[in-house]
1. Go through segment 63-76 residue by residue and turn each phi into a ³J(HN,Hα) via Karplus (6.51, -1.76, 1.60, θ = phi - 60°); whole Hz please, and just put x for glycine and proline.
2. Given a 1.4 Å probe, how much area per residue of the chain is accessible, in Å²?
3. Compare Met294, Met320, Met437 by solvent-accessible area with a 1.4 Å probe and give them largest first, with all protein chains kept in place.
4. Taking the Cα centre as origin and putting +1 on Lys and Arg beta-carbons and -1 on Asp and Glu beta-carbons, what dipole magnitude results for the chain, to the nearest 20 debye?
5. How much length would be gained if the chain were fully extended between Arg356 and Leu462, taking 0.36 nm per residue of separation minus their Cα-Cα distance, in nm to one decimal?
6. Note down the magnitude of the dipole of segment 41-83 about its Cα centre, charges +1 on Lys and Arg C-beta and -1 on Asp and Glu C-beta and zero elsewhere, to the nearest 20 debye.
7. Among Ala324, Ser240, Tyr411, whose Cα lies farthest out toward the positive end of the dipole of the chain, if unit charges sit on the beta carbon of Lys, Arg (+1) and Asp, Glu (-1)?
8. Between Ile290 and Met475, with labels modelled 7 Å along Cα→Cβ, what's the label distance in nm to one decimal, could you check?
Amino acid sequence: GWVHRMRDHGNLLFVDLRDHYGITQIVADEDSEALGLLDSLKSESVITIDGVVKARSQETRNANLPTGDIEVFAKSATVQSMAEELPLPVAGEQEYPEDIRLKYRFVDLRRERVHKNIMLRNRVITSLRRRMIDQGFSEFQTPILGASSPEGARDYLVPSRLHPGRFYALPQAPQMFKQLLMVAGFDRYFQIAPCFRDEDPRADRRPEFYQLDFEMSFVTQEDVFQAIEPVLAGVFEEFSGGKSVTPGGEFPRIPYAETMLKYGTDKPALRNPLEIRDVTDTFRGSNFKIFASMIDGDDKVRVHAIPAPKGGSRAFCDRMNGWAQDQGQPGLGYIFFREGEGAGPVAKNIGAKRTRALSDDLRLVDGDAAFFVCGVPKVFNPFAAAARMKIGAELKLNAEGEFRFCWIVDYPMYEINEDTGRIEFSHNPFSMPQGGMEALETQDPLSILAWQYDIVCNGVELSSGAIRNHRPDIMIKAFGIAGYE
């Protein structure tokens, strides 16, 4: 293995020898032929030890090591590779600049944290593969070089030697290939699929990544949920380190309209118990003129309230107002409740009757508070969602040590482009509209929902999916509504 650490006690030398499985303590004393050689080595030299395995004494056992009950007394040592001074040490958990870590990646990969992460990835993929096979899926590898099949990013292109001036595209997802498998009758496919997307790197975006990719034939949306929930719940339970996980078969289904109202986002963190409420009617015609005039001037304007249990102090409310201003907002209106009534400028202006109605509606009592945002929800939702999370964190309401899953369902098929006034697809244009051709022919396009869904855990979107539109006549009609010939 690799020389991890050395401790010299005069005529007694201890060497921590590291390999793929961990660390073993090597001991050499003055009676060992290996002492002189071992004493001359630098960290990360590679050596072979021949010796005797012995039990450690009770007082020298190391419970933190898997091998902590034994040590090896070295009879002889052979050097396989002599190390020079290292650009970064392997032992320890110090942080180093990324450029150094990548330049010397062969050293960085030896560090315990990186090694554990790579092995965790291996175990997660192995678990996913086993669980998908148990659900009746077959694993296929699809081609890497193919024609372009865009997924919302730019393609990576590979020039063809045999066809000058022509290019292959690396897959953004195995989209066309897995559809071929379904049409050919393979029924249930999955793959740990490499995907390549040319987009700006962010915390949750990489130019090259792998995803659990799957496709099913002759199924409903509910069939998809029933197949994949046990896989996700099982993998999270296996690797959660004891954290609680929403059981498979019990993931909540939250309609898109509901999640946008309650949480201000279609990626809700359900560990936060706070739910946003529409309180527009409470402010309509009130003496809180800032909100009342906005409501009267535009029928799209709404007032949403974020309850803050145990947040009913002026200091906390002022702190949240300051935070809102730091986010580029004019402020964050609030009411806090004490001695059976509301306090603050908002309560004073809307009056006692409306304030009591608010507290009843939001189920707030003395010691609680409520914060308000006003405007067009499509515009203020990102801020309202951030405020909900900030309040939950500040008041320590968020459940720790949990993975809370949910499905977001019933996405709208269409939306209005605010700039052009035209109807456009909201998300995936190739998904089946709920109600099929009849819905397209008889309903207001903005009321049509799609068989589209996202799986979300703790505020992170893990995957998106849809029931495919396999009917050419419905496809032509759906695209016609969006202005395509």
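1. Couplings: 5, 7, 10, x, 9, x, 8, 9, 8, 10, 7, 6, 8, 8 Hz.
2. Details: 26970 Å² over 485 residues.
The answer is 56 Å² per residue.
3. Values: Met294 70, Met320 5, Met437 45 Å².
Descending accessible area places them as Met294, Met437, Met320.
4. Working: 57 positive and 70 negative charges, 127 e Å.
Charge dipole, the chain, about its Cα centre: 620 debye, nearest 20.
5. Values: separation 106, 0.36 × 106 = 38.16 nm, distance 4.09 nm.
That works out to 34.1 nm of additional length.
6. Working: 5 positive and 5 negative charges, 13 e Å.
In debye, rounded to 20, segment 41-83 gives about 60.
7. Ala324
8. Inter-label distance under the simple model: 5.2 nm.
The values are calculated or read from the model by the stated rules, or taken from the named source; none is laboratory data. What you see is a predicted model; the values in this text were computed from it and never measured. Every residue, glycine among them, receives a Cβ derived from its backbone with ideal geometry; neighbour counts consider all protein chains shown. When the accessible area is computed, the model is the full protein with side chains, heavy atoms only, and any ligands, DNA or RNA have been set aside. Shrake-Rupley method; radii C 1.70, N 1.55, O 1.52, S 1.80 Å.
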